[in-house]
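The next block holds one structure in the form of structure tokens; read it before the comments.
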Amino acid sequence: MSDFLLLGAAAFFAGFVDAVVGGGGLIQLPALFTVFPAAVPASLLGTSKFAGVWGTSVAALNYVRIVQLKWNVILPAALMAFMCSFVGAVTVTHIPPTYLRKALPFILALIAIYTFWKKDLGTHFRPLYQGREELWMALLVGGLIGFYDGFFGPGTGSFFIFIFVRVFGYDFLHASASAKVLNVACNIAALLWFGFSGHVMWILGLAMAVCAVFGSLAGSHLAIKHGSGFVRTLFLFVVSALVLKTSYDAFLK
């Protein structure tokens, strides 16, 4: 019972963090590996994806009721992210992400430093692209980050948010809302692959999904209530935690 309580709490807090800035896997995956140390890693990843996709989907719905998104840009980008995430998941079964694993901490550290240094970054919604130019940029971003999510994954939500803020000129609230839609597409693509290959513990995943949904409702509610400043603060915290976690995985594990 204590193990299930641990996993439920982890899923709740993962849903909370994921709903605001992404990075819920930092909480959920270590909990799964702690409770099931002898399990096949792919099964734990698949179960985490199954629980996470419900929380992210609910957060996305919560955002779109309040935050006005550019659907003519976001939906095509989500479709591209879906397709490329699936390709990435298939690719990783043939090519291990060894070099990417070692480069990731440095990339995330640069993002954290840049965001901290630019105090006004993401405080205003001032899109830098319009029309077809914005659509093509969104398709490119959806494809690249979608492939990364399927191929490797850590920090996908944070990458989406940072790019929407820095490249597209969105504020952190609009960036987080847009990122959720693309995240859902990526997670569904990866989940299809894990489910097809038999790497999902469905009953456990469903129980964790319920907890993740409650966490995502709480997280998205706070993000909408407190706006871009709150999202920016939590973004910096999560990216810093990702730097430490990915550094440990790449060089010390």
In segment 124-253, taking the dipole from +1 charges on Lys and Arg beta carbons and -1 charges on Asp and Glu beta carbons about the Cα centre, the listed residue (168, 184, 205) farthest towards the positive end is 168
Difference of contour (0.36 nm per residue) and Cα-Cα distance, residue 113 to residue 233: 41.9 nm
Alpha carbons only, please: Rg and Dmax for segment 1-79, in angstrom. 14.8, 47
Per residue, how much accessible area does segment 1-139 show when a 1.4 Å probe rolls over the protein heavy atoms, in square angstrom? 55
Quickly rank 220-231, 112-123, 51-62, 173-184 as a protection proxy: mean count of other C-beta atoms within 10 Å, highest first. 173-184, 51-62, 220-231, 112-123
Fully extended, how many nm does the chain gain between residue 87 and residue 72 (0.36 nm per residue separation, minus their Cα-Cα distance)? 3.0 nm
Relative to the compact globular guide of 2.2 N^0.38 Å, what is the alpha carbon radius of gyration of segment 65-162, as a ratio? 1.21
Descending semi-axes in Å of segment 108-222, equivalent ellipsoid built from Cα gyration tensor: 28, 18, 13
Report the gain in length on full extension from residue 103 to residue 40: 0.36 nm times residue separation, minus Cα-Cα distance, nm rounded to one decimal. 20.1 nm
Pop a pseudo-label 7 angstrom from the Cα along the beta-carbon direction at both residue 221 and residue 79 and give the gap in nm to one decimal. 3.5
Cβ-placed point charges (K, R +1; D, E -1), dipole of the chain about Cα centre in debye, nearest 20: 360
Pairs on different chains or at least eight residues apart, Cα atoms closer than 22 Å: how many lysine pairs in the chain fit? 9
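The values are calculated or read from the model by the stated rules, or taken from the named source; none is laboratory data. Just so you know, these numbers come straight off a predicted model, no measurement behind them. Cβ: placed from backbone, ideal geometry, glycine included. Neighbour counts: every protein chain shown. Calculation scope for accessible area: heavy atoms of the full protein, side chains included, ligands and nucleic acids excluded. Shrake-Rupley method; radii C 1.70, N 1.55, O 1.52, S 1.80 Å.
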